1. For Lys135, all conditions in the list (1) farther than 30 Å from Ile21 by Cβ; (2) of a type in the set (Lys, Arg); (3) modelled with pLDDT of 90 or more hold save one; what is the number of the exception?
2. Please determine whether any residue of the stretch 124-139 is in a strand (DSSP E or B) and in contact with a helix residue (DSSP H, G or I) (Cβ under 8 Å, 6 or more places away or on another chain).
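The values are calculated or read from the model by the stated rules, or taken from the named source; none is laboratory data. None of the values given here were measured: they were computed from a predicted structure. Cβ placement follows ideal geometry from the backbone for every residue including glycine, while neighbour counts extend to all protein chains displayed.
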Amino acid sequence: MVLESCSVKRLLLLIIFIGGITLLIFIKITSSSALSGLNATIATETSEGVKDHKNSSNKCWLREENTILKECHLCSDKLECINASYVETIKCKISGLAYRNCRKPTTRTSEREFWLFQGSQFVIAVISLSVIQYKKTQFHKKLMKRIQKQLDSVV
């Protein structure tokens, strides 16, 4: 295999490189979701038309001052959700009560699951590295014994 022929330094550099890329992707995802998660981006609102409440179809939150009465939550009322499973309850200053689609709120458990996954992948990588190193040394010892046996038989 290719990994068995690599040195320990190269394997460690590969693990660090993959971990760095994973960290960069994680930072990119969290920074973009933090921006869109706070006030629900207008781009997603225009692409996902909400037609479930009399004031939701006119998207009063885009034109009027508004306050968020209830953060992004799972739909429980048929008035709230026809096209979405998660909605945000908004009170527009002029139009009144409205609902808008939102993404499932990120929780601490999903972040915890991510880090548990990353940790388990690191542990698996370290175990794989140690198994490969062990097999490499065993192979090297076998090879040295074979060479020694050939040298002894010649002499």
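1. All conditions pass for Lys135, except number (1).
2. No, there is no match, as no residue in the stretch 124-139 is in a strand (DSSP E or B) and in contact with a helix residue (DSSP H, G or I) (Cβ under 8 Å, 6 or more places away or on another chain).
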